[in-house]
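Trainee: Provided herewith is a single structure, encoded as structure tokens, for subsequent inquiry.
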Amino acid sequence: MKKFRGVFLKNDREIGLMREANRMVSKILDELGRAVEPGVPTMLFEEIAQARCKDFGVRPAFQGYGGFPYALCCSVNEEIVHGFPSDTRVLKEGDIVSFDMGVIYEGFNGDSARTFGVGNVSDTAQRLMTVTRESLMKGIAMAKPGHNLFEVSRAVQEHAEAAGFGVVRRFVGHGIGTKLHEKPEIPNFVPKGLPGLVLKPGMTLAIEPMITEGTHDVEVLSDKWTAVTKDRKLSAHFEHTIAVTSDGPVILSRSD
């Protein structure tokens, strides 16, 4: 596998394997979204994720990674990322819930995330989810050969902040391939004083805006994993794995 400035460049076969891994992730997220409703304990989503991994014959990418105990990151309301599914946390009308899921297929990782509303949500929650999804797509649109990586970051940051929302700094997107987290890091904001990276065909990137209703400041709870907004306001999370190609960015984490 070739490298450019420490970033692995995948060939067509490798990108094909990643497309299949990510297709499975997308299908799992589809099913999780259909199960979202008031009164559901969040452990149900872990059970669905585990069952679908078994059906697909793949391993959950997150379970055991750095000691994370579950297949699924399930984060509700003020939880930004890395939330634990639970038998006692029950979804309520008006909640929002983020699912971050990954699998390993033929040695390659898939990784994607979506946020769903539970029943009827507030106008603010709906707008937060919409803007976060739009920020992701605007970032992806900039992932073209010859562009600087930070053009992706700028597109995400400008769209989210123009809407009055916060952009989480502590957690960022990443390269992905045979490892879940590869170079480069992909911030959702433009870091000061850093040169960035010229994007090349064959790069595979997990772009994942985490956008907050209020401050971007983060706390990690006593479980050492669940990250929440410091002001306890809402957070949304959307993620796609993409391939940079000579024709532009291609989203791999789709169900079709």
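The values are calculated or read from the model by the stated rules, or taken from the named source; none is laboratory data. Every value quoted in this text rests on a predicted model; they were computed, and no experiment measured them. A quick note on method: Cβ atoms are made from the backbone with ideal geometry, for glycine too, and the neighbour counts reach across all protein chains shown. Side chains included, ligands, DNA and RNA excluded: accessible areas come from the protein's heavy atoms. Shrake-Rupley method; radii C 1.70, N 1.55, O 1.52, S 1.80 Å.
Trainee: Of all residues in region 229-247, how many are open to solvent by 10 Å² or more (accessible area, probe 1.4 Å) and among the polar types (S, T, N, Q)?
Mentor: 2
Trainee: Looking only at region 15-68, filter to residues that are among the polar types (S, T, N, Q) and assigned to a loop (DSSP other than H, G, I, E, B); which one of those is surrounded by the fewest Cβ atoms within 10 Å (Cβ to Cβ)?
Mentor: Only one residue fits best here, namely 63.
Trainee: Restricting attention to region 220-228, does a residue exist that is in a loop (DSSP other than H, G, I, E, B), surrounded by fewer than 18 Cβ atoms within 10 Å (Cβ to Cβ) and polar (S, T, N, Q)?
Mentor: Yes.
Trainee: Which ones in region 142-168 are without any contact (Cβ under 8 Å) to a residue 24 or more places away in the chain and either open to solvent by less than 30 Å² (accessible area, probe 1.4 Å) or in contact with a Phe, Trp or Tyr (Cβ under 8 Å, 6 or more places away or on another chain) (or both)?
Mentor: 155
Trainee: Of 139, 94, 107, 119, which residue is open to solvent by less than 60 Å² (accessible area, probe 1.4 Å), in contact (Cβ under 8 Å) with a residue 12 or more places away in the chain and out of contact with any helix residue (DSSP H, G or I) (no Cβ under 9 Å at 6 or more places or on another chain)?
Mentor: Going through 139, 94, 107, 119 in turn, just one is open to solvent by less than 60 Å² (accessible area, probe 1.4 Å), in contact (Cβ under 8 Å) with a residue 12 or more places away in the chain and out of contact with any helix residue (DSSP H, G or I) (no Cβ under 9 Å at 6 or more places or on another chain): 119.
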